[in-house]
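Step one of this worksheet: look at the structure below.
The values are calculated or read from the model by the stated rules, or taken from the named source; none is laboratory data. Note that the structure is a prediction, hence the values are computed from the model and not measured. Cβ coordinates were reconstructed from backbone atoms using ideal geometry, including for glycine residues, and neighbour counts include every protein chain displayed. What goes into the accessible areas is simple: the full protein's heavy atoms, side chains included, and nothing from ligands, DNA or RNA. Shrake-Rupley method; radii C 1.70, N 1.55, O 1.52, S 1.80 Å.
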Amino acid sequence: MTDTSLTTPSSSTVPLDGRVFAGVTNSPTGQVSGSTRFRYHEADEIIWAEYDGGDIVRGFLVGTRQDERLHFRYSHLSADRTTANGVCESRIVVLEDGRVRLEESWAWESRPEKGTSVVEEVR
């Protein structure tokens with residue numbers, strides 16, 4: 001008999017609540033950088049986060065989770081005092097060391113660009 005309490009959670013079951021993420025890669029038209037920190041919360045398939053750092057003074061995201069997929073909208077204030085918003089689809093990946101990676105495909109709603117990014121859990 002295998003003790004499942006010692007196994008690493010899968011991408012569809014790993015909790016996001018309380019995890020902190022930082023930017024790893026981003027398309028040139030994105031504003032998230034390695035200095036940006038996302039503080040995630042999760043309850044009943046609802047996700048939300050506050051974020052800031054780098055070019056972003058203060059940002060918020062809110063959306064839903066279905067298994068290993070996140071769908072959310074984001075809005076933030078940039079250092080130049082402009083606002084920006086958009087929509088993002090993310091896929092949760094559990095790394096070998098147990099940290100979580102979010103592979104993202106996003107599109108601005110406040111301007112025409114779209115792109116991809118990766119954020120990873122920081123400990």
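Looking at region 14-73, the pairs of alpha carbons with a distance over 14 Å make up 57% of the total.
Summing +1 for each Lys or Arg and -1 for each Asp or Glu, what net charge is found among the other residues whose Cβ lies under 9 Å from the Cβ of VAL100?
Working: positive: ARG19, ARG99, ARG101; negative: GLU120, GLU121.
In short, +1.
Between THR13 and SER33, the C-beta separation translates, for a Förster distance of 22 Å, into a calculated FRET efficiency of about 0.15.
Could you do me a favour and compute the accessible area per residue for the chain, 1.4 Å probe, result in Å²? Present the calculation step by step, with values, prior to reporting the outcome.
Working: 7070 Å² over 123 residues.
About 57 Å² of surface per residue is accessible.
The calculated FRET efficiency for LEU95 paired with ASP55, based on their beta-carbon distance and R0 = 25 Å, is about 0.45. Taking Lys and Arg as +1 and Asp and Glu as -1, the other residues whose beta-carbon sits under 15 Å from that of GLU42 total -3.
Working from Cα pairs under 8 Å separated by at least six residues, relative contact order for region 66-123 is 26 percent.
Quick one: length gained pulling GLU109 to HIS41 fully straight, 0.36 nm per residue minus the C-alpha distance?
Taking 0.36 nm per residue and subtracting the Cα distance, the gain is 22.1 nm.
Of the Cα atoms belonging to region 36-99, the radius of gyration and Dmax stand at 12.9, 39 Å. Our estimate of slack between VAL62 and VAL118, defined as 0.36 nm per intervening residue step minus the Cα-Cα distance, is 18.4 nm.
Could you work out what % of the accessible surface of region 1-100 is carbon and sulfur, using a 1.4 angstrom probe and leaving DNA, RNA and ligands out of the count? Numbers along the way, then the final one.
Values: 2930 of 5780 Å².
On region 1-100, the fraction of accessible area on carbon and sulfur atoms equals 51 percent.
3J(HN,Hα) along region 13-27: 10, 4, x, 9, 4, x, 7, 10, 10, 10, x, 10, 9, 7, 5 Hz, from the Karplus curve 6.51 cos²θ - 1.76 cosθ + 1.60 with θ = phi - 60°, whole Hz, x for Gly and Pro. Legend: P(r) of the chain from all alpha carbon pair distances, 5 Å bins from 0, whole percents, reading 2, 11, 21, 27, 18, 11, 5, 3, 1, 1, 0, 0.
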